[in-house]
Amino acid sequence: MKVIIIGGVAAGTKVAAKLKREDRSAEVTILTKGKDISYAGCGLPYYVGKVIPDRESLVVNTPEKFAALTGARVVTGMEVTKLDRAAKTVEAVHENGETSTWDYDKLVIATGASPIRPALPGLDLPQVFFMRTPDDAVSLRAAVEAGGIKKAVVVGGGFIGLEIAENLTSMGVRCNVLDMAPHVLPGFDEEVQVFVENHLAEHGIHTMTGTRFEGVLGEGKVEKVQTDRRALKADMVVLSIGIRANTAFLADTGIELAPNRTVLVNDHMQTNDPDIYAVGDCAMVTNRITGAAAWSPMGSTANITGRMAAKNMAGKDTAYHGAMGTAVCQLPKLNAGRTGMSEAQAKEAGFDAVSVIMVTDDKAHYMPGADSFIIKLIADRESRRLLGVQVLGKGAVDKVVDTCVAAIAMKATVDEIADMDFAYAPPFSTAIHPLAHAVNVLMNKMDGTLETMTPAEYAAGEAEGYKVMDVSPQPSIAGASYVDLTKIEGEVDGFAKDEPILLVCAKGKRGYMTQNRMKYYGYTNTKVLEGGLTFNEVEAE
């Protein structure tokens, strides 16, 4: 079997390596345009910030080393420009201009994606950077190290853009982040995004959302960034506004493409031509929860789908169950992670979504380094199936996210998660695991034993008419009546039993305990503000 793989990096090299292990007799050739066959694209921001000291650490394998390890042939500097399905050949142009034709039995399209470069003025100035290859990261870091870079504008508030901003900030560069979207961190719910934006501002990264990038101004160098609001002074611009699949060479081949130009595949990673597969950033997969088309341009998805394509080409029957939008991001003194559906996405998909935001310890509070997790859980009210999670915190948010990946993939209900035997020791967790704690709070809300107001509802003004009761361990809200939970043994002075009362504490737990006690004494109209003062800014009228 002769297999041609177009493209390397994550997906293409994974197909080649796995296929040669499955079938050593397979004649596997990788044709790749670049000189680096396999590099850590997700590590580029950390090279910029000197967390990764040298370029060589980003290069996973050289072409020679990869060929020796796997037995696959690697041809670099080779761009495939044509596909002839009838003849089962591809035509490629070498960097020296020579053209060659390659025949195949099976073809794998792993051409990845390239940064979007809008047709705007000033993008050819030397201090304008993109972030896709190791050389991009090398050039950006060198520019900062050369001196003279005091202010930078990062265009794009996705994960890579925010990670670039975080690393530039660590090098003493002041950053503004622009994005046309209403908020940064796509895929998170709005109230979580707002919390992150406020946190970034506190650490020197100003976000300008709902703002259109219109070009770069300067004579021979970057001086300003033009937006639809105003011009921003800058010494450097980093564009991270998205990527576009490298599939132009497939025009008129009959290979089916999605509207965003990614290649449509089935659950075996086959295109509409059974002898042609597509994997990685250039391929459209499905959402594991809904079955709808989903684009998952992540190194993780590239490796998973590449492995499955190889097994299927080797004669095994392996289906890909779909992506869930899992992502994690390191920000200044805050990590952010998510998987599954946001509350907005769940409602749009037709679920009767119910959510909760709660704050819990990330490990035993008395251990050095202990901090908090802010966890938002989303479930379907009728089936009680967990649908999604969003986590913020200084600690290992990925632990909560990954646990939820497994639970959502197995269609677990909140009831099934609540009593799982999670690992516990004081350096690692709390006796009731942070996720189980969040699940218990959500179950209380779903069962009606906890009545809450969400941060989104509070921000929308639904607390109007409510009297704020400060139930923190110490008085914390100016103008609010303070009540000590431990002293409630009947009626609470100043509060009628039927008036709307909003119970606010530091995190939410004390609010729940207060509500429970007040219900016993006949108070019928209380709400606990989810996330308390940790997540919300509260003012008493």
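The values are calculated or read from the model by the stated rules, or taken from the named source; none is laboratory data. From a predicted model like this one, the values you see are computed outputs, not experimental measurements. When we count neighbours, we look across all protein chains shown, and the Cβ atoms used for this are built from the backbone with ideal geometry, even at glycine. Accessible surface areas use protein heavy atoms only, side chains included; no ligands, DNA or RNA. Shrake-Rupley method; radii C 1.70, N 1.55, O 1.52, S 1.80 Å.
Within the range 374-384, does at least one residue satisfy the condition of being open to solvent by 10 Å² or more (accessible area, probe 1.4 Å) and within 20 Å of residue 533 (Cβ to Cβ)?
Filtering the range 374-384 for residues open to solvent by 10 Å² or more (accessible area, probe 1.4 Å) gives 374, 380-384.
Those left that are additionally within 20 Å of residue 533 (Cβ to Cβ): 374.
Looking through the range 374-384, at least one residue is open to solvent by 10 Å² or more (accessible area, probe 1.4 Å) and within 20 Å of residue 533 (Cβ to Cβ).
Considering only residues that are part of a loop (DSSP other than H, G, I, E, B), touching a Lys or Arg at 6+ places or on another chain (Cβ under 8 Å) and of a type outside the set (A, V, I, L, M), which ones fall in the range 352-384? Steps first, please.
Of all residues in the range 352-384, those part of a loop (DSSP other than H, G, I, E, B) come to 352, 362-371, 381-384.
Add one more test, that the residue is touching a Lys or Arg at 6+ places or on another chain (Cβ under 8 Å), and what stays is 352, 362, 369-371.
Matches in the range 352-384: 352, 362, 369, 371.
Any residue that is within 18 Å of residue 389 (Cβ to Cβ), open to solvent by 30 Å² or more (accessible area, probe 1.4 Å) and part of a loop (DSSP other than H, G, I, E, B) - is there at least one of those in the range 337-344? Spell out the reasoning first.
Within the range 337-344, the subset within 18 Å of residue 389 (Cβ to Cβ) is 337-344.
If we keep only those that are open to solvent by 30 Å² or more (accessible area, probe 1.4 Å) as well, we get 343-344.
Cutting the leftovers down to part of a loop (DSSP other than H, G, I, E, B) gives us none.
There is no residue in the range 337-344 that is within 18 Å of residue 389 (Cβ to Cβ), open to solvent by 30 Å² or more (accessible area, probe 1.4 Å) and part of a loop (DSSP other than H, G, I, E, B).
So residue 265 fits all but one of (1) open to solvent by less than 40 Å² (accessible area, probe 1.4 Å); (2) touching a Leu at 6+ places or on another chain (Cβ under 8 Å); what number is the exception?
(2)
In this structure, is residue 51 over 28 Å from residue 276 (Cβ atoms) and among the β-branched types (Val, Ile, Thr)? Quick ask: steps written out before the conclusion?
Numbers: over 28 Å from residue 276 (Cβ atoms): yes; among the β-branched types (Val, Ile, Thr): yes.
Yes: the conditions hold for residue 51.
Within the range 13-40, take every residue that is in contact with a Leu (Cβ under 9 Å, 6 or more places away or on another chain) and within 22 Å of residue 130 (Cβ to Cβ) and give me the one that is surrounded by the most Cβ atoms within 10 Å (Cβ to Cβ).
Per the criteria, the residue is 39.
Restricting the search to the range 99-118, which residues are of a type outside the set (S, T, N, Q), at pLDDT 95 or above and open to solvent by 30 Å² or more (accessible area, probe 1.4 Å)? Please lay out each step first, then the result.
First pass over the range 99-118, keeping only residues of a type outside the set (S, T, N, Q): 102-110, 112-113, 115-118.
Okay, now just the ones that are also at pLDDT 95 or above, so 102-110.
Across the range 99-118, the qualifying residues are 102, 103, 105, 106.
Which of the residues belonging to the range 41-66 are surrounded by fewer than 18 Cβ atoms within 10 Å (Cβ to Cβ) and not β-branched (Val, Ile, Thr)?
42, 50, 53, 54, 55, 56, 57, 64, 65
Regarding residue 319, is this residue in contact with a Lys or Arg (Cβ under 8 Å, 6 or more places away or on another chain), closer than 23 Å to residue 22 by Cβ and either touching a residue at least 12 places away in the same chain (Cβ under 8 Å) or not charged (D, E, K, R) (or both)? Walk me through it before giving the result.
On the way: in contact with a Lys or Arg (Cβ under 8 Å, 6 or more places away or on another chain): no; closer than 23 Å to residue 22 by Cβ: yes; either touching a residue at least 12 places away in the same chain (Cβ under 8 Å) or not charged (D, E, K, R) (or both): yes.
So residue 319 does not fit the description; no.
Within the range 233-246, restricting attention to residues that are more than 24 Å from the chain's Cα centre (by Cα) and open to solvent by less than 10 Å² (accessible area, probe 1.4 Å), which residue is nearest to residue 304 (Cα to Cα)?
Keep residues of the range 233-246 that are more than 24 Å from the chain's Cα centre (by Cα), which gives 233-236.
Of the ones still in play, those that are also open to solvent by less than 10 Å² (accessible area, probe 1.4 Å) are 234, 236.
Values: 234: 40, 236: 36 Å.
The extreme case among them is 236.
Does at least one position in the range 361-371 carry a residue that is surrounded by 19 or more Cβ atoms within 10 Å (Cβ to Cβ), touching a strand residue (DSSP E or B) at 6+ places or on another chain (Cβ under 7 Å) and modelled with pLDDT under 95? Working first, answer last.
Step one: of the range 361-371, the residues surrounded by 19 or more Cβ atoms within 10 Å (Cβ to Cβ) are 361-363.
With touching a strand residue (DSSP E or B) at 6+ places or on another chain (Cβ under 7 Å) added as a condition, the list becomes 361-362.
Filter once more, so that each one left must be modelled with pLDDT under 95: 361-362.
Yes: the range 361-371 contains one or more residues that are surrounded by 19 or more Cβ atoms within 10 Å (Cβ to Cβ), touching a strand residue (DSSP E or B) at 6+ places or on another chain (Cβ under 7 Å) and modelled with pLDDT under 95.
Take the residues of the range 482-499 that are in contact with a strand residue (DSSP E or B) (Cβ under 8 Å, 6 or more places away or on another chain) and free of Cβ contacts under 8 Å to residues at least 24 places away in the same chain: which is farthest from residue 523 (Cα to Cα)?
Within the range 482-499, the match that is farthest from residue 523 (Cα to Cα) is 482.
What number of residues within the range 443-468 are over 19 Å from residue 195 (Cβ atoms), in contact (Cβ under 8 Å) with a residue 60 or more places away in the chain and open to solvent by less than 60 Å² (accessible area, probe 1.4 Å)? Outline the logic, then answer.
To start, the set of residues in the range 443-468 that are over 19 Å from residue 195 (Cβ atoms) comprises 443-451, 464-468.
Retained after the next criterion (residues that are in contact (Cβ under 8 Å) with a residue 60 or more places away in the chain): 444-446, 449-451, 466, 468.
Now restrict to residues that are open to solvent by less than 60 Å² (accessible area, probe 1.4 Å): 444-446, 450, 466, 468.
Residues flagged as over 19 Å from residue 195 (Cβ atoms), in contact (Cβ under 8 Å) with a residue 60 or more places away in the chain and open to solvent by less than 60 Å² (accessible area, probe 1.4 Å) within the range 443-468 amount to 6.
Every residue in the range 185-220 that is under 16 Å from the mean Cα position of the chain (by Cα) and within 17 Å of residue 45 (Cα to Cα), please.
185 - this is the single residue of the range 185-220 that is under 16 Å from the mean Cα position of the chain (by Cα) and within 17 Å of residue 45 (Cα to Cα).
When the residues of the range 402-424 are filtered to those that are of a type in the set (D, E, K, R) and out of contact with any strand residue (DSSP E or B) (no Cβ under 7 Å at 6 or more places or on another chain), which remaining residue is least open to solvent (accessible area, probe 1.4 Å)? If you could, list the steps in order and put the result at the bottom.
First, the residues of the range 402-424 that are of a type in the set (D, E, K, R): 402, 411, 415-416, 419, 421.
Narrowing further to those that are out of contact with any strand residue (DSSP E or B) (no Cβ under 7 Å at 6 or more places or on another chain): 402, 415-416, 419, 421.
Numbers: 402: 85, 415: 66, 416: 102, 419: 123, 421: 152 Å².
For the range 402-424, the residue satisfying everything is 415.
Can you pull out every residue in the range 292-310 that is in contact with a Lys or Arg (Cβ under 9 Å, 6 or more places away or on another chain) and either under 16 Å from residue 187 (Cβ atoms) or open to solvent by 50 Å² or more (accessible area, probe 1.4 Å) (or both)?
Passing the criteria: 294, 303, 304, 307.
Scan the range 385-401 residue by residue and report those that are open to solvent by 10 Å² or more (accessible area, probe 1.4 Å) and in a helix (DSSP H, G or I). Explain how you work it out, then say what you get.
Filtering the range 385-401 down to residues open to solvent by 10 Å² or more (accessible area, probe 1.4 Å) leaves 385, 394-396, 398-399.
Answer for the range 385-401, where residues must be open to solvent by 10 Å² or more (accessible area, probe 1.4 Å) and in a helix (DSSP H, G or I): 398, 399.
Would you confirm, using the coordinates I've provided, whether residue 377 is in contact with a Gly (Cβ under 8 Å, 6 or more places away or on another chain), farther than 24 Å from residue 511 by Cβ and among the hydrophobic types (A, V, I, L, M, F, W, C)? Don't jump to the end; show me each part of the working.
Numbers: in contact with a Gly (Cβ under 8 Å, 6 or more places away or on another chain): yes; farther than 24 Å from residue 511 by Cβ: no; among the hydrophobic types (A, V, I, L, M, F, W, C): yes.
In short, no.
Kindly provide the set of residues from the range 487-523 that are hydroxyl-bearing (Ser, Thr, Tyr) and either open to solvent by less than 20 Å² (accessible area, probe 1.4 Å) or at pLDDT below 95 (or both), ordered by number. Give the derivation first.
Let us first name the residues in the range 487-523 that are hydroxyl-bearing (Ser, Thr, Tyr), namely 512, 514, 520-521, 523.
If the condition is that a residue be hydroxyl-bearing (Ser, Thr, Tyr) and either open to solvent by less than 20 Å² (accessible area, probe 1.4 Å) or at pLDDT below 95 (or both), then 514, 523 are the ones that fit.
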